[in-house]
Amino acid sequence: MEKNLRGMVIDHILTRKALFIDRDGTINVDCPYCHKPSDLRIYDDSVSIMKEFARRGFDIVIVTNQSGIGRGYFTEKEMQAFNSELVSRLSKEGIEITSIYHCPHLPEERCDCRKPGTGLIKRAERELGIDLSESIIVGDRDDIEGELARKLNMKYMILNREKKQYGD
Ligand SMILES: [Mg+2]
Ligand SMILES: [Zn+2]
């Protein structure tokens, strides 16, 4: 039997669940240290996936490594401009992004937020009150998003992309 609306609302309040999705190479076509809004190309299948999960009550949270900031290739502000363009393009598709978490550090800094480090997801769990056991991670790299999900014992899905990988 189908749950009634009140039951569904209560479920949502009690357990907030998220689709944690990678940005470059997963939502948008990867490019070398993507940061120019004019370089933004969005994959159709990522749009379908986000829509489907949103319809099922998942918050959509982007988690992304942006070491281009630490490397001095672009600024935090330039990244925000790219993200704004992405959020507005997705909003036209009817997708609302709850939040975007990024790691600006270099690999050598050994921070805990550069994926597959768990810092970004743990922050979202805390700040947004997400139940990780009800959530899922989607990415394009098994050694990054797959590894991250395995560390946290979370469900995950890796999308196969033909495009070559650039640094992140
Ligand atoms: Mg990626
Ligand atoms: Zn970091």
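The values are calculated or read from the model by the stated rules, or taken from the named source; none is laboratory data. Please read these numbers as outputs of a predicted model, since none were measured by experiment. Every residue, glycine among them, receives a Cβ derived from its backbone with ideal geometry; neighbour counts consider all protein chains shown.
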If we keep just the residues of segment 16-36 that are assigned to a strand (DSSP E or B) and under 14 Å from the mean Cα position of the chain (by Cα), which is surrounded by the most Cβ atoms within 10 Å (Cβ to Cβ)?
F20
Qualifying position, being modelled with pLDDT of 95 or more, in contact with a Lys or Arg (Cβ under 7 Å, 6 or more places away or on another chain) and acidic (D, E), among D59, D30
D59
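When only residues in segment 85-111 that are part of a helix (DSSP H, G or I) and without any contact (Cβ under 8 Å) to a residue 12 or more places away in the chain count, which is farthest from I21 (Cα to Cα)?
Our first condition is that a residue be part of a helix (DSSP H, G or I); within segment 85-111, this holds for 85-92, 107-109.
Applying the additional criterion that residues be without any contact (Cβ under 8 Å) to a residue 12 or more places away in the chain yields 88, 91-92, 108.
Values: S88: 17, S91: 16, K92: 18, E108: 24 Å.
This residue is E108.
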Kindly indicate the residue of segment 121-168 that is among the acidic types (D, E) and away from ligand 1 (no atom under 16 Å from the Cβ) and also surrounded by the fewest Cβ atoms within 10 Å (Cβ to Cβ) among those meeting that condition.
E127
I62 vs (1) within 13 Å of ligand 2 (Cβ to nearest atom); (2) not in a loop (DSSP other than H, G, I, E, B): all pass except (1)
Could you give every pair whose Cβ atoms fall below 6 Å, whose first residue belongs to segment 116-137 and is closer than 13 Å to T15 by Cβ, and whose second residue is small (G, A, S) and exposed (fewer than 14 other Cβ atoms within 10 Å of the Cβ), counting only separations of at least 6 or pairs across chains?
none
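Suppose we filter A54, A18 for residues that are more than 16 Å from ligand 2 (Cβ to nearest atom), small (G, A, S) and more than 18 Å from I144 (Cβ to Cβ); which single one remains?
A54
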Pairing a residue in segment 26-50 that is more than 13 Å from R161 (Cβ to Cβ) with any residue that is part of a loop (DSSP other than H, G, I, E, B) and of a type in the set (D, E, K, R), where Cβ atoms lie under 6 Å and the two sit 6 or more apart in sequence or on different chains, gives V47/E93
Tell me which residues, restricted to segment 142-168, are farther than 21 Å from F58 by Cβ and either at pLDDT 95 or above or among the hydroxyl-bearing types (S, T, Y) (or both).
D142, D143, E147, Y166
Just need a number here: residues in segment 95-111 that are at positive phi and within 16 Å of ligand 1 (Cβ to nearest atom).
0
Taking K92 and the conditions (1) basic (K, R); (2) closer than 24 Å to I121 by Cβ; (3) modelled with pLDDT of 95 or more; (4) more than 16 Å from ligand 1 (Cβ to nearest atom), which numbered condition does it fall short on, given that it satisfies the others?
(2)
For residues that are over 22 Å from A54 (Cβ atoms) and in contact with a Pro (Cβ under 7 Å, 6 or more places away or on another chain), scanning just segment 144-166, find the one that is nearest to ligand 2 (Cβ to nearest atom).
I144
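On the basis of being part of a helix (DSSP H, G or I), in contact (Cβ under 8 Å) with a residue 12 or more places away in the chain and either over 14 Å from the mean Cα position of the chain (by Cα) or within 16 Å of ligand 2 (Cβ to nearest atom) (or both), does I69 make the cut? Can you show your working first?
Numbers: part of a helix (DSSP H, G or I): yes; in contact (Cβ under 8 Å) with a residue 12 or more places away in the chain: yes; either over 14 Å from the mean Cα position of the chain (by Cα) or within 16 Å of ligand 2 (Cβ to nearest atom) (or both): yes.
Answer is yes for this residue.
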Selection status of R114, crowded, with 21+ Cβ neighbours inside 10 Å, within 16 Å of ligand 1 (Cβ to nearest atom) and over 30 Å from R6 (Cβ atoms)
yes
